[in-house]
Amino acid sequence: MPLYRQASIAWGVLSVVLAVVYQASFTNGFHYDDFHSIVENPHIRSLERLPDFFVDPSLFSGMPGRGMYRPMLLLTYALNYAIGGYGLVGYHVVNWLLHLGCALWVYALGRRLHGQWSAALLGALFFALHPLANETVNYISSRSESLAAFFYLASLFGYVCWRQGAGRLFWLLSLAAFACGLLSKSVTIVLPVALWVYERW
């Protein structure tokens, strides 16, 4: 089967399955940290503040003392607000798309490392449907997790492709994605451990 057809089937299966599983979550309300970081955060209400997100951690929250350096996350909140204000569906759709994107990266990595597309799809489905992953779709503030994971997986994929001889462009993709992951959530800093594991085994 041609690669493009395998990828199309994987994309279709993951999209349909995740749409069925999470369709009821799109109207979930704001909870917990959503209030201080989104609803009560005046800084995300203007796209003119976008450059400031990268230099001022206090813009993360509407509450003093709750600052965090996550400019990529704030950027997604600001874009959500610019398009739909506080309409809940838009925020959940972005979370859903990020989770789907992560599942597709898992598929791409599995395909690259294992070689068998059906096994890669099974692994991606396991990741996508695991109960531990549902918070990143249902809870808007958990977007930081899936955003960091999206860039983490993209960086790992780029590195693996580069090491397998796919060209320097993939090395640059890996570096850029790693930087974006760090700008989403600092936990991305553990990526070099995964690269060491790949090199070792």
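The values are calculated or read from the model by the stated rules, or taken from the named source; none is laboratory data. Just so we're clear, the structure is a prediction, and the values are computed from it rather than from any experiment. Please note that ligands, DNA and RNA were not included when accessible areas were found on the heavy atoms of the full protein model with its side chains. Shrake-Rupley method; radii C 1.70, N 1.55, O 1.52, S 1.80 Å.
Summary table below
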item	result
Per-residue HN-Hα couplings for the stretch 162-170 [Karplus 6.51, -1.76, 1.60; θ = phi - 60°; Hz; x = Gly/Pro]	4, 5, 8, x, 7, x, 5, 4, 6
Relative contact order (%) - criterion: Cα under 8 Å, at least six apart; region: the chain	19 percent
Prolate/oblate/rounded call for the chain, Cα gyration tensor, a/c under 1.5 rounded	oblate
Heavy-atom accessible surface of the chain: percent carbon and sulfur, 1.4 Å	68 percent
Average Cα contact separation per residue, the stretch 151-201, under 8 Å, 6 or more apart, as relative contact order %	38 percent
Under the Karplus curve 6.51 cos²θ - 1.76 cosθ + 1.60, θ = phi - 60°, whole-Hz ³J(HN,Hα) for the stretch 126-132, x wherever Gly or Pro sits	4, 4, 5, 9, 4, x, 5
For the stretch 3-18, Karplus couplings with θ = phi - 60° (6.51, -1.76, 1.60), whole Hz, Gly/Pro x	4, 5, 6, 4, 5, 5, 5, 4, 4, x, 4, 5, 5, 5, 4, 5
The stretch 76-136-the stretch 27-48 distance, computed between alpha-carbon centres (Å)	21 Å
